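Novice: I'd like to ask some things about the structure below.
The values are calculated or read from the model by the stated rules, or taken from the named source; none is laboratory data. The shown structure was predicted, so the numbers you read here are calculated from the model rather than taken from an experiment. So basically every Cβ, Gly included, is an ideal-geometry build from the backbone, and we count neighbours across all protein chains shown.
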Ligand code: ATP
C-alpha cells in the first residue's frame, strides 16, 4: 500500500500570510500530500517580549487561516515543549508518532539558504524529503497599495539555490523549477525538491509594519487573520 505523504511546514508564522498558504496549496497539489502540518515554532519568553507574538496567538491565526483547507492542519508539537527544539528533533518526533508516513519538510528559499547553520542539517537533509519554495529568478516582485502610495520590493535573485551544499547533498537535488511536477519515482525516494509553483513574495515582517501603522493588510492575509490581529492588538506595541 502507498505510504501517506505528509508535508511539515515549520516557521514562526507571526502572522501566517497568503505567501505561506499559497505555497502550501501549490505544494499539496503537486506532491499529492494527504496532509500538510503547519508547525509554529516555540519561541523562548525573553525573545517573545521583544518581537514575537505568543504561541497561542500564532496558533489561533493558523487555525483561522486553514479552516476551509481540508488537507492543512496545525500542530502544537513545538508549542507544548519547555524549550525550543531543533527542527531535526521535531521531525524525529513526528516520524515516531506516524511511522508509516513519508514526511516532506517544506521551507522557503531564504531558510534553505541558511540551512548549513542549522543543527544536524546533514541528517535533516539525508533523512527526510525536502521541498524548497524558490522564487522564480529575476521576477520576485510584490506590491501593495497601502493607501499612502504604492509600496514595492524586488526579491533577490536566488541564483543557484543549492550552491552552499556539499556535493553529496547537491546530488539529492531535483530541480522542479519551471512548474514541473515530481514523477512517481522521484516522489518515492528522498530528494531535495526545488519548486517555483507560486510567486508570492509576502513577508510577515512587512505585514506587522503595515498593521502597526494602521494600513490595510487584509489583501496579504487569509480571511479572518487581519481581523484577529487587530481585535487582539497583536502588533500594536512591539517594534
Ligand atoms: P518574517 O518576515 O517574520 O521573517 P516570514 O514571512 O518569512 O516571516 P516565517 O514564519 O519566518 O515567515 O516563514 C516560515 C517558512 O515559510 C520559512 O521557511 C520561510 O522561508 C517560508 N516563507 C515565508 N514567506 C514565504 C513566501 N512568500 N514564499 C515562500 N516561502 C515563504
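Per-residue answers, yes or no, for (1) within 12 Å of the ligand (Cβ to nearest atom); (2) out of contact with any helix residue (DSSP H, G or I) (no Cβ under 9 Å at 6 or more places or on another chain):
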residue: 4; (1), (2): no, yes
residue: 15; (1), (2): yes, no
residue: 32; (1), (2): no, no
residue: 41; (1), (2): yes, no
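Novice: Hey, another quick one. Of all the helices (runs of 4 or more DSSP H) wholly in region 55-141, which have at least 3 residues that are within 13 Å of the ligand (Cβ to nearest atom)?
Specialist: 55-66, 109-113
Novice: Out of curiosity, is residue 151 part of a loop (DSSP other than H, G, I, E, B), modelled with pLDDT under 95 and surrounded by fewer than 17 Cβ atoms within 10 Å (Cβ to Cβ)?
Specialist: So residue 151 fails the test.
Novice: Do the conditions hold for residue 6, that is, is it at pLDDT 95 or above, in contact with a strand residue (DSSP E or B) (Cβ under 9 Å, 6 or more places away or on another chain) and outside any helix (DSSP H, G or I)?
Specialist: Judged against the criteria, residue 6 is a match.
Novice: Out of 90, 76, which single residue is surrounded by fewer than 16 Cβ atoms within 10 Å (Cβ to Cβ) and in contact with a strand residue (DSSP E or B) (Cβ under 9 Å, 6 or more places away or on another chain)?
Specialist: One residue alone meets the criteria, 76.
Novice: Show me the helices (runs of 4 or more DSSP H) found entirely inside region 172-239 where at least 1 residues are surrounded by 14 or more Cβ atoms within 10 Å (Cβ to Cβ) and touching a strand residue (DSSP E or B) at 6+ places or on another chain (Cβ under 8 Å).
Specialist: 184-188, 204-212
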